[in-house]
Amino acid sequence: MPKILVVDDDLAVLATISLGLRQAGYQVLQVDSGLPAIRICKHEKPDLAILDMIMPDLSGLQVAEALRNETLTPFIFLSAYSDDNLVKAAVEAGALGYLVKPVEMARIVPAIEVALKRADELEQLRQSNADLGEASIVNRETDMAVGLIMERHHLDRAAAFDMLRANARGHPGGIVGLAQRLVSGEKVKLTAM
């Protein structure tokens, strides 16, 4: 059951949307201003935040910026304004949707489902990119270790990699662990092949 945070300073809108979302099967958190919304996103980690664009303490755009910089909470906007500049600003802020009030629950739920699906895809992409970054570091360290072995033992690249691989057998960290030890400058005795 996805957890949705609804943020709107109009208490009637806040209550109506929150009730409708609960009836649709969502777990709902609700606040009427931006600062508590940021705190809730940090601690409760909702799956999605629905942000009013204009609020008295922080604008929806300011809340969105904080969510983007300080949390992983995706968001959509719910606004009384359909001004092109606001919509453009919402897109630039990273919004996964923009709904104009008054809006019926029959339109909010599909927008939430699309946003949740898109947020999941973006999280998978972010994780994939993090894995690629980690793999790049591992490859770079292994390449550096191979280069050190080439220099120290006057070997070509293939022979140096074979030596690293042979010495890594039985090593607790495998090739990566041995490569990291070599690159860090630790004295490691390698057995020639």
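Only the coordinates and a few stated rules stand behind these numbers; no lab work does. Remember, it's a predicted structure, so these values are computed and weren't measured experimentally. Backbone-built Cβ (ideal geometry, glycine too); neighbour counts: all protein chains shown.
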Q) Does anyone have the angle between helix 11-23 and the longest principal axis of the chain? Alpha-carbon axes, 0 to 90°, nearest 10? A) 60 degrees
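Decide, for region 133-183, between rounded, prolate and oblate: order the square roots of the alpha carbon gyration tensor eigenvalues as a ≥ b ≥ c, take rounded if a/c falls under 1.5, and otherwise choose prolate if a/b is larger than b/c, else oblate. Before the final figure, lay out the partial values.
Working: a/c = 2.01, a/b = 1.26, b/c = 1.59.
Cα axes put region 133-183 in the oblate bin.
What FRET efficiency, computed as 1/(1 + (r/R0)^6) with R0 = 41 Å and r the Cβ-Cβ distance, is obtained for L35 and A192, rounded to the nearest 0.05?
On the way: r = 65 Å, r/R0 = 1.58.
After rounding, the FRET efficiency stands at 0.05.
Determine the relative contact order of region 133-183: mean sequence separation of Cα pairs under 8 Å and six or more apart, normalised by residue count, in whole percent. Mind showing how you got there, number by number?
Values: 42 pairs, mean separation 21.6, N = 51.
Once divided by the residue count of region 133-183, the mean separation gives 42 percent.
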Q) For the chain, modelled as a Gaussian network with Cα springs under 10 Å, which listed residue fluctuates most, E113, E151, E70? A) E151
(Q) Mean-square fluctuation check for the chain, GNM, Cα pairs under 10 Å: which of G97, G174, G60 is largest? (A) G174
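What order do you get for 30-36, 98-104 when each peptide is scored by the mean count of other beta carbon atoms within 10 Å, highest first?
Numbers: 30-36: 18.3, 98-104: 14.1.
Result, highest mean Cβ count within 10 Å first: 30-36, 98-104.
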Q: Could you state the angle between the C-alpha long axis of helix 60-70 and the longest principal axis of the C-alpha atoms of the chain, as a value from 0 to 90 degrees rounded to the nearest 10?
A: 20 degrees
(Q) Helix-only mean residue ellipticity at 222 nm, the chain, DSSP H runs n ≥ 4 weighted -39,500 (n - 2.57), per residue, nearest 500. What is it? (A) -20000 deg cm²/dmol
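Highest mean first, how do 46-59, 82-95 rank when packing is the count of other Cβ atoms within 10 Å averaged over residues?
On the way: 46-59: 20.6, 82-95: 14.2.
By packing density, highest mean first, the sequence is 46-59, 82-95.
Residues with beta-carbon under 12 Å from that of V6, excluding V6: net charge, scoring Lys, Arg +1 and Asp, Glu -1?
Summing Lys and Arg as +1 and Asp and Glu as -1 gives -3.
Please label the shape of region 1-118 as rounded, prolate or oblate, based on the square roots a ≥ b ≥ c of the eigenvalues of the alpha-carbon gyration tensor (a/c under 1.5 means rounded; beyond that, a/b larger than b/c means prolate, else oblate). List each step's numbers first, then the result.
Working: a/c = 1.25, a/b = 1.09, b/c = 1.15.
Because its axes are fairly even, with a/c under 1.5, region 1-118 counts as rounded.
Quick one: compute the contact order of region 12-61, relative version, from alpha carbon pairs under 8 angstrom and 6+ residues apart, as a percent. Write down the numbers at each step before the final one.
Details: 29 pairs, mean separation 14.6, N = 50.
Rounded, it is 29 percent for region 12-61.
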Q) For the Cα atoms of the chain, what angle does the longest principal axis make with the long axis of helix 157-168, in degrees from 0 to 90, nearest 10? A) 80 degrees
